[in-house]
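Everything below concerns the one structure shown next.
The values are calculated or read from the model by the stated rules, or taken from the named source; none is laboratory data. In this text, all values refer to a predicted model and were calculated from it rather than measured experimentally. Note that we place each Cβ from the backbone using ideal geometry, even for glycine, and neighbour counts take in every protein chain shown.
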Amino acid sequence: MKISISRNNDTPLYIQIKNNIKEKIISGRLPTGLKLPPERTVAEEIDVSRNTVVRAYQELIAEGFVVVSNKPKGYFVREVIKPVYETVLHPLANMRRYNYTEKEALFEDLFRRSTASEYVSLAGINVNMPDPDDFSVNCRDLYSCDENEANRLKRNICKLLAAKDIFLSEKNIQLVSETTQALGYIMSLYLRDGDTVIVEEPVVAGTVNVLRNKGANVVCVKMNEDGMDLEDLQRLIETYCPRFIYTMPNLHNPTGITMTLEKRLKLLEICKSKNVPIIEENSLGDFRYEGSELPSLYSLDKNRIVLYVDTFNLTFLPGINTAFVAGPAETVEMIGRLIVTEQNTIYKISHALLNRFIESGQMEKRKERLVEHYKRQLNMMYSKLLSLKEYGLSFEKPEGGLYIWCKLPEDVNEKKLFITAGDKGLLYMPGSVFFPYGYSGSGYIRLCFSNVSEEDIDRGIDILKESMEISRDCFNNYKIKS
């Protein structure tokens, strides 16, 4: 059984193996009942680890193409019956707005592998926060929670925002579960098919997916070391007449860049003159370890052109999802009406738990503890990464956030590095995920330090170095002379 794989492809090796075998089964070249070669045999033939082949076979079993047997022992091709729904829904196949992308497939693969014990995951997929101190709730108290919990939470949010010089009433707050959900509702309310939304590049793939699935034409503005490239922005505004500009001015994901105060004021001036509203996301703003916190665009805005989006999902309990949108009362009211038409669920228990957490004073204590913990994690990873600077890996120590954004040397193949590191047990987020239209030159990687132990950081960076050696031609000759 001949299997073809490419180590220059960003598709994981086990998926390439699975797809090879699957195609042969569907085409009939591997007939029903045929026994597949043992995992070790396949692994030796194509020079991959046995675990990689095991994963491919497990995927084929899960999808119904292969069955495992004990008598006789082995993997056997199963009879494939085409599901009826594929035929019935075929006319809709080319009509859907949502399209499943390679980046989403990569993200799902990283999510699955991040839970496996054999991997060190620096991908930042799973949230693993320290337990909250001294926070307990009597479950009987939650039986009495009602719709008033939402208004109570809005008032609590207003108090928290006042510390950031953002002064609002509960009429200016709309509760949602995720920042991407907030973005989706804003787009549903204001966006027409084909309208342009400008985003900073690099940008989180989930943000781009939400915008595109709402019919947006996503256009990327370049970033400099001090934030958005405003000259490039003005050119794009003149060319595309955008409906919105989306930005993360504080500890941008993935770069960690904080937009300067001068640029914030200039951005507001540009958008006011062109009548372009701004969506400001601040999901990482609480995790600042160095430098001074700058005023938000929302607090600087005197013309009501900014919508502010933030979340508790990185500071509260995992799985208790609550985020919010802040903006003009009439806009917030319309978003609320849209939510009512699309979902009937009100997250009363989540709101009740969060209210008790804030009112007990635990929220601020927890933020302080998280900042202390993540700062320690950042310092550990940064110190370990310094040994790779002499081999051409370039990066800056961020002032906060949860990630270190690294630029690879010119002679390291990003795709080959990702596959090699994965085979050796290291997962991270490849830079290509954050560039909707690709890029030329050397690649990037994003390393998350928030949810791993010191031992895993050491092991992960060691694997990264080994993988770089394999993924470049003359690694030993590249070392920069002092």
Within the range 64-74, is even one residue among the hydroxyl-bearing types (S, T, Y) and assigned to a helix (DSSP H, G or I)? no
Out of R235, R264, report the one residue that is buried (at least 19 other Cβ atoms within 10 Å of the Cβ), part of a helix (DSSP H, G or I), free of Cβ contacts under 8 Å to residues at least 60 places away in the same chain and over 19 Å from the mean Cα position of the chain (by Cα). R264
Quickly run through the range 354-386 and pick out the residues that are over 26 Å from the mean Cα position of the chain (by Cα) and part of a helix (DSSP H, G or I). N355, R356, F357, I358, E359, Q362, K365
Of the residues that make up the range 207-223, is at least one out of contact with any Asp or Glu (no Cβ under 6 Å at 6 or more places or on another chain), of a type outside the set (S, T, Y) and closer than 22 Å to F316 by Cα? no
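Which residues, taken from the range 278-327, are of a type in the set (D, E, K, R) and closer than 16 Å to G400 by Cβ? Give the steps one after another, and end with the answer.
Applying the first criterion (of a type in the set (D, E, K, R)) to the range 278-327 yields 280-281, 286, 288, 290, 293, 301-302, 304, 310.
Those that are of a type in the set (D, E, K, R) and closer than 16 Å to G400 by Cβ: E281, D286, R288, E290, E293, D310.
Can you tell me how many residues within the range 387-412 are in contact with a Cys (Cβ under 9 Å, 6 or more places away or on another chain), over 17 Å from G256 (Cβ atoms) and outside any helix (DSSP H, G or I)?
First pass over the range 387-412, keeping only residues in contact with a Cys (Cβ under 9 Å, 6 or more places away or on another chain): 388, 393-395, 402-404, 411.
Next cut, over 17 Å from G256 (Cβ atoms) only: 388, 411.
Restricting the remaining residues to those that are outside any helix (DSSP H, G or I) gives 411.
Summing the residues that are in contact with a Cys (Cβ under 9 Å, 6 or more places away or on another chain), over 17 Å from G256 (Cβ atoms) and outside any helix (DSSP H, G or I) in the range 387-412 gives 1.
With the condition kept exactly as written, say whether any residue in the range 256-263 is closer than 24 Å to F312 by Cβ, touching a Phe, Trp or Tyr at 6+ places or on another chain (Cβ under 7 Å), at pLDDT 95 or above and in the same structural domain as K164 (by TED's automatic domain parsing). Give the derivation first.
Let us first name the residues in the range 256-263 that are closer than 24 Å to F312 by Cβ, namely 256-259.
Remaining after also requiring touching a Phe, Trp or Tyr at 6+ places or on another chain (Cβ under 7 Å): 256.
Okay, now just the ones that are also at pLDDT 95 or above, so 256.
Within this subset, residues satisfying the condition of being in the same structural domain as K164 (by TED's automatic domain parsing) are 256.
Within the range 256-263 (the criterion being closer than 24 Å to F312 by Cβ, touching a Phe, Trp or Tyr at 6+ places or on another chain (Cβ under 7 Å), at pLDDT 95 or above and in the same structural domain as K164 (by TED's automatic domain parsing)), the answer is yes, since at least one residue qualifies.
So which residues in the range 27-45 are more than 38 Å from the chain's Cα centre (by Cα) and either without any contact (Cβ under 8 Å) to a residue 24 or more places away in the chain or part of a loop (DSSP other than H, G, I, E, B) (or both), if there are any at all?
Let us first name the residues in the range 27-45 that are more than 38 Å from the chain's Cα centre (by Cα), namely 28-35.
Result: G28, R29, L30, P31, T32, G33, L34.
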Can you find a residue that is at pLDDT 90 or above, of a type in the set (S, T, Y), crowded, with 19+ Cβ neighbours inside 10 Å and part of a loop (DSSP other than H, G, I, E, B) anywhere in the range 328-343? no
Restricting the range 5-49 to residues that are loosely packed, with under 14 Cβ neighbours inside 10 Å and touching a helix residue (DSSP H, G or I) at 6+ places or on another chain (Cβ under 6 Å), which is modelled with the highest pLDDT? R40
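Would you confirm whether any residue within the range 430-453 is among the charged types (D, E, K, R) and out of contact with any Phe, Trp or Tyr (no Cβ under 6 Å at 6 or more places or on another chain)?
Of the residues in the range 430-453, the ones among the charged types (D, E, K, R) are 446.
Add one more test, that the residue is out of contact with any Phe, Trp or Tyr (no Cβ under 6 Å at 6 or more places or on another chain), and what stays is none.
No, because not a single residue in the range 430-453 is among the charged types (D, E, K, R) and out of contact with any Phe, Trp or Tyr (no Cβ under 6 Å at 6 or more places or on another chain).
Restricting the search to the range 413-439, which residues are more than 16 Å from V53 (Cα to Cα) and part of a helix (DSSP H, G or I)? Let's see the steps before the verdict.
Of all residues in the range 413-439, those more than 16 Å from V53 (Cα to Cα) come to 413-418, 421, 426-439.
Residues satisfying the conditions are E414, K415, K416, L417, F418, A421, G431, S432, V433, F434.
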Selected residue (criterion: surrounded by the fewest Cβ atoms within 10 Å (Cβ to Cβ)) from residues of the range 351-372 that are out of contact with any helix residue (DSSP H, G or I) (no Cβ under 9 Å at 6 or more places or on another chain) and not charged (D, E, K, R): G361
